[in-house]
Structures are given as C-alpha cells and as structure tokens.
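Asks: This structure is in structure tokens; I'll ask about it shortly.
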Amino acid sequence: MMSRTFKQGHWRGTAMATFMLASCLPAFAGVTDQMISNDAASTDDVVTVGMSQGGQRYSPLNKINTSTVADLVPVWTFSFGDEKQRGQETQPLIYNGKVFVTGSYSRIWALDAKTGERLWAYQHRLPDGIMPCCDVVNRGAALYDNLVIFSTLDAHLVALNQDTGKVVWNETLGDYKAGYSNTAAPLIVDGKVITGVSGGEFGIVGRVDARDARTGKLVWTRPTVEGHMGYLNGQENGITGKLNASWPGDMWKFGGAATWLGCTYGADVRLIYCGTGNPAPWNSHLRPGDNLYSSSTLAITPDTGKIAWSYQTTPHDGWDFDGVNEFIPFDMKKDGKTVKAGAKADRNGFFYVLDRGNGKFISASPFVTRQTWTKGVDAKTGRPIEADTRPGDPAQAERGKQVFSAPSFLGGKNWMPMAYNQNTGLFYVPANEWGMDIWNEPIAYKKGAAYLGAGFTIHPLYDDYIGALRAMDPATGKIVWEYKNPAPLWGGVMTTAGDLVFTGTPEGYFKAFDAKTGKELWKFQTGSGVVGQPVTWEQDGEQYVAVASGWGGAVPLWGGEVAKKVKDISQGGMLWVFKLHRAAAP
Amino acid sequence: MAASAWRRLALLLMLVTASAQAEIPADPLQSPAWRYLAQRYFGEAGVVFDPRVKLLLPVSAENPLSVPVHVDARALAEVREILVFADLNPIPVILRYQPGAQAEPSLGFRFKVQQATPVRAAVRTGDGQWHLGGAWIDAAGGGCTTPSLGTGSGLWKDHFGEISGHLWPRENGVQRLRLRVIHPMDTGLAGGIPAFYLDELQLQNGKGELLAKLQGFEPLAENPLLSFDLRNAGVVRVLARDTQANQLRGSVAP
C-alpha cells in the first residue's frame, strides 16, 4: 500500500525543492483529461496509445502525403541498448518536447523530441521467474498529469515522473508466480488508468482494473470470467455473469479470458471496450458451455465497473481464438445513414461491426481466405455456425484426434492494431494467412504451469505470402485492396489525411501505402524486423513519423513452419524518426 | 534601509565570502579523491577532521559485498546529519542519516567495496560545520559490480521486502534496534541488472512520530543490516521505500 505521509516527509520535500531550483525546469501543466479526449485532433502531441482513446490511429496531418512521401528521410534514431534485443512492439508518445518510448524487458526512456538525446532511462528490476507467454514485449505507456505509466512483465503498474524518470507509485496487478504479467498499454479515462492482465496460458483469471491515475489507488476491478466478484471502492460490486451458467463445476476458477491487449474507449457512449482472451485450458472438452466472458468484447461503464454489454466472437473456443482485439469506435456511413458503430478484426478471421452503444450485431465478414472452423455467422443471433473441425476429445487416450484448422492459433490477426481512416472510410487490417494442426491432451491446473491441454504446429497457407495488409470497407465487408508480404505481419498500422497507410514488416521495412489503392509508395530498411506501432505528429511546422524496430513477439517462439521465413531476421531495438527531406539553404 | 541594517548585511556578506574561501583541510588519509569530493559534498560549509567522530571498520574487507561499519558521533552535540562515503567506490555515497531528537548519532551498517579506499563519516552539527572521521580499508575488490547473491538464488524475490528486527536495552535509557530488510540493493553496475535499492527509510515510535531518517544509496550491502541507538521506549515502526516505489512496512516491539 502507498503511504502519503512518507512521500511528503521532510527530507524528500527538501531534496525536490533543491532539484527544482537547480534545474530550473519549465513549468508545464501536465497531461489533462481534455488533452487525452482531444488526442485525435491535436497534431502537436500523441498522448495516447492508439493516437486517441478509441484507437483509430488516424492523424489529420497531411504534409506527408501520396505526393511527398517519397522524400521521407530519417531525422534521428535511438538504440534501446543492452543485450536485451527482443520484440519491440511499442508505440512512442510525444508530449512537451519529449518522446516516451518503452522497450522489451520492461524498460522505458524519455528522449528529447528534437535531437533524440536520452533524458532518462528506467529499467524495471524483473525476477527470473517471469512468465510472459509470447516474448518480453511492451506495447506502450500512458500519460497523465506529470506521470508516464507503464506495465511490467512481473505484473506491476509503474508511474514515473515525466521529467525525472523517478518512480512515483508502483502497484501490483497480479502474482507473477501464478503466471500474471502485463504488456499492454494502459488507457486513461476520466482520470482513471485502465489496465488488463496477461496470463491466459497459465489459468489466471482475466480482469479489468481502474485506478486513480495520480495515486495508483484501485477504484474498481471487474473479473472477466463468470462467477468471480467485482469490487468498487473496496466494496463488493456483484459477480461477473451468473455462476456456472456457461462453465461446468470449478473450471471457472482458472478460466483465463485474459485482458492482455488492454482496452479502448467510446467517449460519446461512455463505454470502455476490453477484449478477452481464450478460455483456459485450450482443451475445450474439459469445459462444455460458452465459457463467458472468454473470447469476447466487453463494454464496461467507467464509473461503476459494471458490464454494460458483451459480445462473444468465439463461444466455447477450442482453437485459442482470443477475442482481445481492439474494438474501434467509428461512424459508419451506410445507406445514407450514419451508424454509431465499432469494429474489431478478430483472431478467428471475422471482421465484426457492432453497434457501439448496445453491442448489437451488425455484420461479420471474413478478412482472411480460409476459416475451417465456421460456416459463417448467423445474422439473426450474431452467433458463429460451427463447422465440425474441433480437435478430438482425449478423455480416453493420451491424445485426441488431430485436425487442421485455419486461421491458426496466432490468428487471422493477432495483437497488431489496425487503423481507420476517416477520409477513405476504410479499415486497414494487418492479417496473416496460416493454419495449424491441433490436437487436445489431458491437463489439470497447477499454479504457474502452462494450462493448455493441446498440441499444435503452424503451417503457412500459401508459398508466396503469409502477411496481408487488407483495406476493409466496414459498410460492405468487402476487401478493397491488399498488400501481400512474404513473412507474417506483426506490426501496428497507422493512417493519415495524407491518404497514407504506414506499417512495418519482419523483413525490416517500414512502408507507406496509398490509402485508396494500396500502391506501395515508400519503404525504408530499419535493420531489424518492424513490429512496433507507428505514430505521427507535428513539430516546428514539420510532420514527423516514428516507429520502433526490433524483431520478436510470438512468431519466432510459436510460429512452427513459419520459422523458415523468419529465422534469419536480425534482432534489434531502435526508435526511428522520419520527416520530409529539406534541401540545404543555398 | 537603515545604516545598521546595511552593516549587518555587509557583515553577513563577509562571512559568506570568508566561508566560500574556507580552506579544504589537508586529508590525513591522503586520498587522491579528497579535494573534489570535499567540494562536492561540503561546498562552502566548513570542514574539520575531528577525533570525536569514530568510524570503526576492518583493516581489510574479508567480503567485499558486505563490510561492517559502525559510526559513533555521540561525543558531538546537536548532530543533524551523518553522511558516509567511500572515496574510491564508483558510487561514493553509502548513506545519509538524520537522527531526530530521540535518536543517538550512532549507527551500524554494511556496505559494498569496489577497491581499497578511505571510508568517511561526515557529521554535520547545528552550526553547519562538518566533522570528519574515517579510515582506509584494504579490499581485493569487485563488491559493487558483482550481482547480488540473491539474484542467483532467487531469495530476493521469494522474501522480498521482509523486515526482521530486534530491540534490546542498553545503558542510560537507550535501546538498540537492529533491522534487516530483504532487498537485493542492486547497484546497476552488474551487467544486465538495473539499479534497484532502498532509498528511504524512516523510524517512527508507536504514535507515528519520527525518530530518524535514513537515505540509502547503491553501495549499501544486500539485505541491509542496520543498527540504531534510540532513546524512545516501546515499539519502533519501520517505513521504507525503494527506487521502484515498493513500500515496505514493519514494526519491532521490545
């Protein structure tokens, strides 16, 4: 627990006063709720991961556009250093002349936005026993007031002073020895910092927490598995769902549904959208029922921590089709009307459009070429019609019947966020074409041990490509254009009013495409695979673009046959910053 | 402004100028780092080497990861702060101690030593003067750049933050508190291990009134073992915080 009295103790006050005098820091007001709400429109900063609370990753900036992007050149770079060169899935934040960027192994830096010079660094002291399932990544920080807040691999949430890098508060999100960790960027809503947890492969229980962003004090917590109690201001706040309604026996106690990709926010309807992961264990025969609220999108009210609505994309999941993917609010023009919608490209291969206010099903369209597990979604019920391709029950044997399934468990789309362009009205979805052989095995829960009950191996569906960046029209569900990439796509996407779409490739390229046609207009070799999330902002009258480079993530760990395409990629850990080339003054 | 006030200001300026030019006294330990460390830590304040400041430590470090030291400045009145540093350690300052009215200017601790070095206790009294005592310690070295032992064994995480302690009476109404806090106290100088150490520790009586404060730095030995002489009776509460804002709490009853 925090102690206010100690922090306000005499000697600390004295030390701070001396420091302030010595360094003559300019007084900045700090990041406010209003700045966070307005992040999509304000172009001189990026104060949220997703470039807005809704996560559209759209910028109104257009100096870099389809005509000028060929002149994009590096301005400065920053090496994350150390021997810890693993997946860099981060998104930088830009505020007050500083760039805040997180790195693998729970590290964070503040850099001078003009020069890239390091202002401070923080490395979280991690125990040896951390259990991240899918690489030691971090997906970015949150800014609030004078704090920069990020999650760590040992399931802590750490808030640092933006100017000094000193830790102001530190809260525990879960027991890392039971498999809890956290890699997602926190979301700020009305002065609260909203976080999820990772660890679905270890039988943890998914949860969404809201804390006072200034102090770290818990306001509410909402478990994502039915039967578990929620809390608001320390008081019981009702169990999630109804005990044993969709889970048999005690299986809900270790039910997974990890909220490992965090949440987005629909400000106009005042709902927080959090995706939930697979139910645990993977062997679905041990848990007959829908297993609520696994593989779902939950809409949670920010003030009370209650579930307003839920939509389950894969009921009774048996393929590791997490439903964590970002649900992005957008206004859909259809038949001359504007629909308050939200979209999500799911691991299971469907691109969903729902009413963002009540969760009502609008459409589900495939964004990948093969879905063996389903025959489509019933438009009346919004429920998928399951094909008979579930791996066999191993109850009487060491190993159940093996099946081939597409998408693979790494998903038609994995963690890497898509983007929505308000001009083109299109979503840009980083997809992958792969399947898997999967079979089930007996399993029992044991604290801190993998809780799968399944074996698997991934196969690419096509020889010439796995990754496919696809422009989806949400109104029609049609793919407007696609770009095919040899290796699987694993980086975030950004789009701008300059009619551009940016994303990176494992082959090391950071690329820009024409948002309307998909034509590749620019690429730059960063030296390692790009799995980061691009951003853009304006500084001194010029438009900047930044992305982290550094190969890693789940593919090299779990990719099976995909290894052929990725095994020779160099490790890295670098932030690249670009702007348009300007000729030297004559 | 009245003439007398001007005179007072002039006098004050003279005093300030005089102390700014105060000679840094010659170092009886003949440390190569003495002059710039004196400037860094004492600035324009006066410094004297004073036999009333006793610093007890071994002649040679048997274990460079944990060298026991005891500082005793009870012969001085009005002690405000005790600063302990090792001249030739890569991070010289080991701790700053601020005993309150109910704490004796005396403490014991252990530190990590990198190479043979002078170790000094600088004691600031109410008049702003620093009184110094110290001694050389011989050391084979490496104490600051070696990973903590708990890093290998996992002890630091399994028992992280545990506080144990004991109080027993000594002469003249003083009780001695010995504390142990499980913490790796990583210096950040061992490859791949970030700096991670206790940087604030407070002792309070049972009513929550402050007895003493200690500011820790990287060279304090792993799982700090600290001894304090206190004039209060009864329970002592311990409140500590590390560089990652972990809040540690404990209390010790007589």
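What follows draws every value from the coordinates through simple rules; no lab data is involved. Given the structure is predicted, the values throughout are model-derived calculations rather than measurements. Cβ atoms come from the backbone with ideal geometry, glycine included; neighbour counts cover every protein chain shown.
Asks: Per DSSP H run of at least 4 residues, take -39500 (n - 2.57); add these up for the protein assembly as shown, divide by its residues and hand me the 222 nm value, nearest 500 deg cm²/dmol.
Replies: Details: 9 runs with 67 residues, N = 840.
Calculated from helices alone, the mean residue ellipticity at 222 nm is -2000 deg cm²/dmol.
Asks: What's the longest uninterrupted piece of chain A once you rule out the GluC sites (Glu not before Pro) that are loop residues per DSSP with at most 12 other Cβ within 10 Å? If you can, show how the numbers build up before the last one.
Replies: Details: sites that count: A:83, A:117, A:398.
After excluding every exposed loop site, the longest remaining stretch is A:118-397.
Asks: Quick check: residue separation of residue A:218 and residue A:473 times 0.36 nm, minus the Cα distance between them. What number comes out in nm?
Replies: Working: separation 255, 0.36 × 255 = 91.80 nm, distance 3.99 nm.
Once the chain is fully extended between residue A:218 and residue A:473, it gains 87.8 nm.
Asks: Here are some pairs, B:112/B:157; A:177/A:253; A:192/A:306; A:516/A:579; A:253/A:380; A:63/A:98; which of them have Cα atoms lying more than 24 Å apart in this structure? Let's see the in-between values first.
Replies: Numbers: B:112/B:157 20 Å; A:177/A:253 17 Å; A:192/A:306 15 Å; A:516/A:579 22 Å; A:253/A:380 32 Å; A:63/A:98 22 Å.
Exceeds cut-off: A:253/A:380.
Asks: Which of A:324, A:193 comes first, and how do the rest follow, when ranked by fewest Cβ neighbours within 10 Å? All intermediate terms of the calculation are to be shown ahead of the outcome.
Replies: On the way: A:324 32, A:193 24.
Taking fewest neighbouring Cβ atoms as first place, the list is A:193, A:324.
Asks: OK, next. Rg/Rh for the stretch B:108-217 to two decimals, with Rh computed the Kirkwood way over all alpha-carbon pairs.
Replies: Details: Rg = 17.1 Å, Rh = 16.9 Å.
Reported Rg/Rh, Kirkwood definition of Rh: 1.01.
Asks: Let me ask something else about it. Hey, with R₀ at 60 Å, roughly what FRET efficiency would residue B:60 and residue A:62 work out to, going by the Cβ-Cβ distance, to 0.05?
Replies: Details: r = 71 Å, r/R0 = 1.18.
Computed FRET efficiency for residue B:60 and residue A:62: 0.25.
Asks: Please sort by residue number the trypsin sites (Lys or Arg not before Pro) in the stretch A:351-382 whose DSSP state is loop and whose Cβ has at most 11 other Cβ atoms within 10 Å. Numbers along the way, then the final one.
Replies: On the way: sites: A:356, A:360, A:370, A:375, A:380; in loops: A:356, A:360, A:370, A:380.
Listed in order of number, the matching sites are A:380.
Asks: Taking H as built 1.01 Å from N, whose amide H comes closer than 5 Å to the amide H of residue A:258, not counting residues under 5 places away?
Replies: Residues meeting the criterion, in which the H sits 1.01 Å from N, are A:200, A:206, A:277, A:278.
Asks: Which longest uninterrupted range of chain A lacks any chymotrypsin sites (Phe, Trp or Tyr not before Pro) assigned by DSSP to a loop state (not H, G, I, E or B) and surrounded by at most 13 other Cβ atoms within 10 Å? Spell out each step's value before the answer.
Replies: Values: sites that count: A:28, A:462.
It runs A:29-461.
Asks: A further question follows. About the Cα centre, and with charges only on the beta carbon of Lys, Arg (+1) and Asp, Glu (-1), how big is the dipole of the stretch B:22-252? Nearest 20 debye, please.
Replies: Dipole about the Cα centre, nearest 20: 500 debye.
Asks: Compute the relative contact order of chain A as a whole-number percentage, counting only Cα pairs closer than 8 Å that sit 6 or more residues apart in sequence.
Replies: Values: 1759 pairs, mean separation 81.3, N = 586.
The value is 14 percent.
Asks: At what distance in nm do the modelled label points of residue A:393 and residue A:379 sit from each other, each positioned 7 Å from its Cα along Cα→Cβ?
Replies: Each label point is offset 7 Å from its Cα along the Cβ direction, giving 3.6 nm.
Asks: Shifting gears a bit: Residue A:500's amide H: which non-local residues (gap 5+, or another chain) put their own amide H closer than 5 Å, with H modeled 1.01 Å from N in plane and none for Pro or chain starts?
Replies: Distant-sequence amide H within range of residue A:500: A:515.
Asks: What is the fewest-to-most order of A:229, A:418, A:251 by other Cβ atoms lying within 10 Å of their Cβ? Could the numbers behind the result be given before it?
Replies: Values: A:229 12, A:418 29, A:251 21.
With the sparsest Cβ surroundings first, the list reads A:229, A:251, A:418.
Asks: Another question, then. Relative contact order for the stretch A:25-66: what percent, with Cα pairs under 8 Å and sequence separation of 6 or more? Before the final figure, lay out the partial values.
Replies: On the way: 33 pairs, mean separation 12.8, N = 42.
After rounding, I find 31 percent.
Asks: Placing +1 on the Cβ of each Lys and Arg and -1 on the Cβ of each Asp and Glu in the stretch B:22-252, which of B:246, B:125, B:204 has its Cα farthest towards the positive end of the resulting dipole?
Replies: Going by the charge dipole, the pick is B:204.
Asks: Another question, if that's okay. Under a crude label model (7 Å from the Cα following the beta-carbon direction), how far is residue A:331 from residue A:166 in nanometres?
Replies: 4.6
Asks: To the nearest 0.05, what FRET efficiency results for residue B:153 and residue A:444 with a Förster distance of 25 Å applied to their C-beta separation? Could you put the intermediate results ahead of the total?
Replies: On the way: r = 30 Å, r/R0 = 1.19.
E(calc), rounded to 0.05, equals 0.25.
Asks: Express in nm, to one decimal, how much length is gained between residue A:386 and residue A:120 on full extension, taking 0.36 nm for each residue of separation and deducting their alpha carbon distance.
Replies: Working: separation 266, 0.36 × 266 = 95.76 nm, distance 5.21 nm.
Gain on extension, residue A:386 to residue A:120, equals 90.5 nm.
Asks: Right, something else. Given a Förster distance of 22 angstrom, what is the FRET efficiency for residue A:338 paired with residue A:41, based on the Cβ-Cβ distance and rounded to 0.05? Walk me through the numbers on the way to the answer.
Replies: Details: r = 19 Å, r/R0 = 0.85.
Efficiency, from the Cβ-Cβ distance: 0.75.
Asks: Further, regarding this structure: Could you compute the net charge surrounding residue A:425? Neighbours are other residues with a C-beta less than 13 Å from the C-beta of residue A:425; K and R count +1, D and E count -1.
Replies: Values: positive: A:333, A:334, A:478, A:516; negative: A:331, A:473, A:499.
Summing Lys and Arg as +1 and Asp and Glu as -1 gives +1.
Asks: Still on this model: Looking at the protein assembly as shown, send over the antiparallel percent of its DSSP beta bridges, to the nearest 5. Mind dumping the intermediate values first?
Replies: Working: 205 of 212 bridges.
Given both bridge residues lie in the protein assembly as shown, the antiparallel proportion sits at roughly 95 percent.
Asks: Next question, about the same structure. Over the stretch A:477-581, what is the mean sequence separation of C-alpha contacts under 8 Å (at least six apart), divided by residue count, expressed as relative contact order in percent?
Replies: Values: 223 pairs, mean separation 23.2, N = 105.
22 percent.
Asks: Let me ask something additional. Distance in nm between label sites at residue B:44 and residue A:459, each 7 Å beyond Cα in the beta-carbon direction?
Replies: Between residue B:44 and residue A:459, the label points sit 8.1 nm apart.
Asks: Using +1 on the beta carbon of Lys and Arg, -1 on that of Asp and Glu, and nothing else charged, what's the dipole of the protein assembly as shown about the Cα centre, debye to 20? Intermediate results must be reported in sequence, preceding the final value.
Replies: On the way: 80 positive and 79 negative charges, 233 e Å.
That gives the protein assembly as shown a dipole magnitude of about 1120 debye.
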